[in-house]
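The values are calculated or read from the model by the stated rules, or taken from the named source; none is laboratory data. Everything numeric in this text was worked out from a predicted model, so none of it was measured. No Cβ is skipped: glycine too gets one built from the backbone with ideal geometry, and neighbour counts run over all protein chains shown. For the accessible areas, the whole protein counts, side chains as well, though only heavy atoms, and no ligand, DNA or RNA atoms are used. Shrake-Rupley method; radii C 1.70, N 1.55, O 1.52, S 1.80 Å.
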Amino acid sequence: MSTSSRTLTNSVHPPGKTCLAFSMDGKYAYTGGSDSIVRIFHVEKGKDQEPDAAAEAEDNITALTAANECWLSASEDSYIRTYTAGKNTFNGLAGSVKGATINCIAVDPKGKRIAVASDELMVKISDLDNISNVQIVDGFKRGVRKVTWDPSGSLLTVSCGDGTIAVWDVSEEQPTRLEVIDGIIPAVTDSESEEFMHDCSAVWHPTGQRFYAASRTHDIVAISRATWTKSETLSDPSVTGSHTAIALSANGAFLASACGSEVLIWSTQKRRVLSRLQSTPSAVTIQLAFSPSQNLLAWIDTQGGFTRVSNAIATEFGDPIKDSAAANVQGQVISRKKTPTPWEDDADVDLDAVGGDDGLFGGEDWIIDDIGGGMQDKPERQDKGDGYVKEMVSITKAQSAFQPGSTPMSVLKRRYLAYNMIGVIEVTDQDTHHIVNVEFHDRSARKSYHFTDHFKHDLASSGERGAVFACPPEQDNPAQVIYKPYGVWSTQGEWTYILPKGQRVLGVAAGGNKAMKSLRENSDSGGDLQGHGNVVVATSAGDLTFISGSGVEQIILGLEGEFVTMAAAEEYVIVVHRPGATTIDGSQGLLATVISYEDFEVLQEKPLPIPKGHILKWIGITDQGIPAIYDSAGYLHIMINFRRPNRATWARLLDTNAWERKQGKDESYWPVGCSNETFHCLILKGRQEYPGFPRPLIQELPIRMPFRIKDTTEEELLRIHINLARDALPDDEVSAPDLDRRELELDKITIRLIQAACKTDKQPRALELAKRLNLPQSLAAAHKVAAFYKLHGLREKFEALIEWREETMTPAEEARERRRALGDEDAPMAMPKPFQDFNAPPRVDRPGLARPTGIVEHSEFSSSNAGLRPIREKATGLSMSRSASPEGKRKRDEDDHMLNGTESDVKRRALGDAPSPATNSSTIIYRPLLILPNSFYQTPSLERTLRQQIPTLSHESPI
Amino acid sequence: MSLPQSLRVSVTPLELELIACEQLVEIVPLISMEKTAFISGAYGPLRPPSKSKVPLWMAINLKLKKKCHIVPPEWLTVDFLQERLSRETSQPQFSKLPFRFAEISKVVLDVASDDVPNADKIRSLLKDLREARQAKSREGLQQIDHSELSLPNLCSMEINEIRPVFVQSMGLLSQLVREPENRAGDV
């Protein structure tokens, strides 16, 4: 037996429902699909064989099975056909189901009877020899998806669309129902859905003592025959999705299950994953089969790909065919040790297994026999020990890492990698490559683009300044991260960051300052001053790598525990990780850490307020730059006070379950973003978990704080945002007038509440509300309200309050004063565009209409202020012509300054005199580099123009 | 309308459309814009992907430049119109619809049919609605008398349609009714 496994994949059918069966001798494999052809593969032959085809069916092949002498196919044309084993010789019909799709056919182990499951609410069992001899098993509420026989051929297990597994005894003439097991397999009622194609059959162990089925909780469970209850569970933390197909090896020692793009090989005795095989990504494996005669595993997927893996079970694990004791006895013994609950039935099983098996070896014997060395024994024992501990405690499944705003690949081979308030990154799978489409909501600011992606990036994040992509390692190619800044036409700005071999990227986030205006205009101003932002990469090496937008590695921080997700804001990144473990009672134990890009200091560390048994669904940044989270319980929280170190708390802003619109509807919300008063989300109908294609419209739903008393909501929300905005102010982010406006708004609401309180004579409440007023004029208004309602006591209290306010300055007022000062300084820079200016027109300064002032006579010693004047005034050289007529009795202040300026430059000589053109022409520029002849300055006007042209020269040199 | 020029005393449908274009609709802008003053008022700011309310004429203008998606009003859905149509056909009175539904739906479907889910179905429903309502207003013509006629929930386009006929014929009727009284007064 060669030890290396060999994988052969053929594309044999068009995409759609496919099916697979091995012949009884294991020499042939039959595959069927939506091309209505059954192909017969020789298992021995390689990939390039030309399989025989049986093309009698007139519609899609929906099920295949094999008996001793023949094989059977069921087609959507409602007929079941029999063929000679291994050949495409058509022998006749074995039955038909009119008007319903046949979902499954199964021949009993003796090869005598065939059970037919269809969308009808019953299962028909007929003899293969005499198809008119029919037994009916009925009483199902939904169409039957799968049907299987137990190894003795007396029991029939029926997996029904309503999520039940029914066990029927069909050994007698009249079938009797033994048990209906509910709650194991998922209920799938829509026969068109992809989930309906998943293999939910109950797979019997060769001993007939239990059967396995893929559960709705993404485990594989074994149901014991003695009690018809769950006797053991096969679970693995790496399993994130449902098992789409399961199969048992011929001796029952190994179980194969398909999950996502992997096929897991489990040991049924150790109940753990032994190895993993890669299946076709993006295709769903819907049927798995072990060869009955050799170490061969085959599967078929929705893309019509048929894969055979020879030596799928590595030798060190054992043999899938040999009816060894390992499969039964040893397994039973261990399971008895492990399973704490059903003692009796395990003992039962044990006895039965021992009785039913011929070649009994001791467990240890078997291992030594097969491998020839006890070396492998030790790790196995350790594993057992591990398994013991884990089995004793039912541990909450840890949430795996995810990227906010991403979805898994849909049936249409499309997915979202990122969906946020900036834009959408969509991926279309084209088998050999991906097409990545990057689109922005604001098309005026950033340009949408798309590119062909040969790396098949599976993580992405779009930030303010650029989009970052990451791909997993594949074969020889290491994992890598690509950052593409926006607004850069060429590939100049983008960079690639390659991880060492064996490391994976768990999450990426891109953050950066909000663009002041269009990013496309960057090049006009000669480069972007604000840079390309920041990129944070979480890797499987347990670190967070900070990389600047230009591709310079900045720091690598260690991250305690497992990384879960992160989001990047303008100046910080919030990372969610699990420092410890999940707790027994269902808590995920997640912690959020806010780390600033500057100095990498931790601003906050705060556990997430997720209810027990729920998981984090989304993390994002609101448009005010505040961290926000949304969990599967339907709560939205924002982190308030996050800018004050160690003062952060999570404020619950929204309880989607309490929404009026949700009442009586089955819908969920997929968050996209959050702003002051609205929650931006996509609404998912029914049990939908992720948004589909084409892209749904973003819905804006109002944020209502989940207060129990209804009238304060609006006010509190505003207050929170004002406080947050106030915190943000040292960074000059929120414009001051905006905040003032909001404070005024808040005061208006408060005054209304005060009025309501006065009306109902609730004076303490009115007083309490009044204390919260921000502006002094609002207090005056409150005073008036009290006066109106003739509440004199309250009025006096308000008066006292006003007095007290006048004396002391509240922190809010201080902050406002500071903001005002800042606002005044910035005012000229924030000039609004025409038509967007809603302020009063600016005051026009008219110096001509200014009040004249009396002339100031300057003496030689009076111009002490000369040094204070701006240099610019000297450069203009205006004063020559003006000073030519100083005898004007009334002069403006301004002109005096001018006069003084030039005079001081002219060595303060002849201050009171009128500088005549003659004196002027005799002035010499004392500058060694440039000496002009006197005649050059013939006229004052010429001189003036020259001086204006060389201003630097003229004011440096004394004239 | 197949009326001679002299009888065309009412405004044309195009003019009605122009009037309807002043109504506010919701859009999902694809460009950002500050709050901007127009003669009819200040609209904006536009901040994608947040929705914004602007007059229909502006929405059309932006849509034609591919700078926004128009969010169809909540009455412009298959469910709503279907329900109104069944009410229209089963009950004698006019069902309640937005006053300018005909104009707005026409404009929205003309300009932004890609933003309206099931646009074709909605078109046929609107046509059915119009026919059902037209039949009713013809019936109303029979009840006409000199003094008053009450047709609640009639929409602008329909009023406009029947206005010339109604005004004239009611004028005539009132003349006919008044005549004998006058004569009696003379005597």
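Projected label points at A:Glu44 and A:Ser448, each 7 Å from Cα along the beta carbon direction, are separated by 5.8 nanometres.
Could you size up the charge dipole of segment B:5-186 around its Cα centre, putting +1 on the beta carbon of Lys and Arg and -1 on that of Asp and Glu, and report it in debye to the nearest 20?
Working: 24 positive and 24 negative charges, 137 e Å.
I would put it at about 660 debye.
Given the Cα-Cα distance of A:Gln174 and A:Asp740 and 0.36 nm per residue of separation, how much length would full extension add, in nm?
Extra length from A:Gln174 to A:Asp740 when fully extended: 195.4 nm.
Measuring r between the beta carbons of A:Asn657 and A:Leu121 and using R0 = 45 Å, the FRET efficiency lands at 0.80. In whole Å, how far is the Cα centre of segment B:81-118 from that of segment A:90-152? Each part reduced to its Cα centre gives a spacing of 52 Å.
Extending 7 Å from Cα along the Cβ direction at A:Gln554 and again at B:Lys127 yields two label points whose distance is 6.1 nm. Interface burial in segment B:6-51, defined as at least 50 Å² less accessible area with all protein chains than with the chain alone at a 1.4 Å probe, covers B:Leu30, B:Pro49, B:Lys51.
Using the Cβ-Cβ distance between A:Arg695 and B:Glu34 with R0 set to 22 Å, the FRET efficiency works out to roughly 0.25. Gain on full extension, evaluated as 0.36 nm per residue between A:Trp804 and A:Val602 minus their Cα-Cα distance, stands at 68.8 nm. In this structure segment A:1-150 gives 43 Å² per residue of accessible area when probed at 1.4 Å with all protein chains present. When chain B is described by a simple charge dipole with +1 on each Lys and Arg Cβ and -1 on each Asp and Glu Cβ, the residue from B:Val11, B:Phe101, B:Pro72 located farthest towards its positive end is B:Pro72. Contact residues in segment A:427-448 by the 30 Å² criterion (accessible area, 1.4 Å probe, full protein complex versus chain alone): A:His441, A:Asp442, A:Arg443, A:Ser444.
Based on the reciprocal of the average 1/r between different C-alpha atoms, the Kirkwood radius for segment A:6-314 equals 18.9 Å.
Which percent of the accessible heavy-atom area of segment B:123-179 goes to carbon and sulfur, probe 1.4 angstrom? That share works out to 53 percent. Measuring nothing but how far apart in sequence close Cα pairs (under 8 Å, 6+ apart) lie, relative to its length, chain B scores a relative contact order of 21 percent. Put a plus charge on the Cβ of each Lys and Arg, a minus charge on the Cβ of each Asp and Glu, and nothing anywhere else: the dipole of segment B:1-91 about its Cα centre is then about 400 debye. Total buried accessible area between B and A, probe 1.4 Å, nearest 100: 1300 Å². Over 24 Å between C-alpha atoms is what I'm after, so list which of A:Lys514/A:Lys685; A:Lys47/A:Lys413; A:Lys685/B:Lys51; B:Lys96/B:Lys127; A:Lys612/A:Lys662; B:Lys51/B:Lys106 land there. The pairs that break the limit, which is 24 Å between Cα atoms, are A:Lys514/A:Lys685; A:Lys47/A:Lys413. The accessible surface of segment A:6-314, taken with every protein chain in place and a 1.4 Å probe, is 46 percent carbon and sulfur.
From most to least packed by mean Cβ count within 10 Å, the peptides A:583-591, B:155-163, A:42-50, B:39-47 give B:155-163, A:583-591, B:39-47, A:42-50. Modelled spin labels at A:Leu274 and B:Val78, positioned 7 Å past Cα toward Cβ, are 5.3 nm from each other.
Net charge near A:Ala289, counting Lys/Arg +1 and Asp/Glu -1 over other residues with Cβ under 11 Å of its Cβ? Please list the in-between numbers first.
Working: positive: A:Arg308; negative: A:Asp199.
Charge balance in the 11 Å sphere: 0.
The charge dipole of segment A:559-706, taken about the Cα centre with unit charges on the Cβ atoms of Lys, Arg (+1) and Asp, Glu (-1), comes to about 560 debye, rounded to the nearest 20. Solvent-accessible area assigned to carbon and sulfur over segment A:559-706 amounts to 48 percent, based on a 1.4 Å probe.
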